[in-house]
1. Restricting to the stretch 36-47, name every residue that is exposed (fewer than 15 other Cβ atoms within 10 Å of the Cβ) and of a type outside the set (Asp, Glu).
2. Mind checking which pairs have a first residue in the stretch 25-42 that is within 18 Å of Val67 (Cα to Cα) and a second that is among the polar types (S, T, N, Q) and assigned to a helix (DSSP H, G or I), Cβ under 8 Å, 6 or more apart or different chains?
3. I'd like the full set of residues that are assigned to a helix (DSSP H, G or I) and free of Cβ contacts under 8 Å to residues at least 60 places away in the same chain, limited to the stretch 137-170.
4. Pick from Arg127, Arg154, Arg122, Arg109: which is crowded, with 18+ Cβ neighbours inside 10 Å and either closer than 27 Å to Ala170 by Cβ or within 11 Å of the chain's Cα centre (by Cα) (or both)?
5. Being of a type in the set (D, E, K, R) and touching a helix residue (DSSP H, G or I) at 6+ places or on another chain (Cβ under 8 Å) is the filter here, so list the residues in the stretch 27-45 that pass it.
Amino acid sequence: MSVRTVKAAARMNPAAVHYHFSTKEDLVAALLQSRLGPLWAEPPAKVERRAAEVRPPGIDELVDISVRSLDEPAGNPWDRMLVHLHTRIVLRRREPPFDAHWFGYDPWRELLSAARPELSQREVGHRRHMTFGVLLQIYGEPQASTAELGSTPRPPVKSVVALIATGLKARPPNDS
């Protein structure tokens with residue numbers, strides 16, 4: 001679908017839309033942030049505030065927040081499609097085109113570093129990357145067509161949390 005088609009369907013002034021969203025990807029990123037942002041921002045923000053004041057979160061808590069933030073929207077067809085679209089954008093790029101705090105990598109990297117201070121920053125980056133790669137494969141269904149979304153049963157949240165937490169708690173390799 002072209003940006004021109006989107007502008008026409010939305011009955012928007014093409015110049016105003018182009019000014020704010022120069023590419024289709026920028027327009028989609030803004031849509032995703034506005035729809036998924038409220039679902040994704042509050043739980044990790046609470047943990048981040050507490051980490052600054054009291055103590056950093058543990059791995060189990062971080063993983064539970066991450067998994068639930070994807071599992072809950074995956075249960076609703078409209079939100080599932082948004083998670084799918086988000087996944088396809090993220091898996092295609094090194095740095096996603098999002099500007100919302102919790103859509104970026106840095107907050108998660110910082111929380112993981114605080115939970116596992118013995119890990120090198122390089123290892124923290126690898127683990128963050130692998131964690132979200134697995135979660136996006138499970139919940140975002142990047143290989144599925146829009147019509148197929150939701151046809152594969154999601155694993156139980158507790159199973160996903162256990163799997164991811166075990167990987168994040170693993171001892172660092174000698175060469176990290």
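1. Restricting attention to the stretch 36-47, the residues satisfying the condition of being exposed (fewer than 15 other Cβ atoms within 10 Å of the Cβ) are 38, 42, 45-46.
Within the stretch 36-47, Pro38, Ala45, Lys46 qualify.
2. Leu39/Ser69; Trp40/Ser69
3. The first filter runs over the stretch 137-170 and keeps only residues assigned to a helix (DSSP H, G or I), leaving 137-140, 146-148, 157-169.
Those that are assigned to a helix (DSSP H, G or I) and free of Cβ contacts under 8 Å to residues at least 60 places away in the same chain: Gln137, Ala147, Glu148, Lys158, Ser159, Ala162, Leu163, Thr166, Gly167.
4. Values: Arg154 fails: crowded, with 18+ Cβ neighbours inside 10 Å; Arg122 fails: crowded, with 18+ Cβ neighbours inside 10 Å; Arg109 fails: crowded, with 18+ Cβ neighbours inside 10 Å.
Unique residue meeting the criteria: Arg127.
5. Residues of the stretch 27-45 that are of a type in the set (D, E, K, R), as a first pass: 35, 42.
Arg35, the sole residue that qualifies.
Quick note: the coordinates plus some simple rules give every number you see, no bench work behind them. Treat the numbers as computed from the prediction; the structure is a model and nothing was measured. We place every Cβ from the backbone using ideal geometry, glycine too, and count neighbours over all the protein chains shown.
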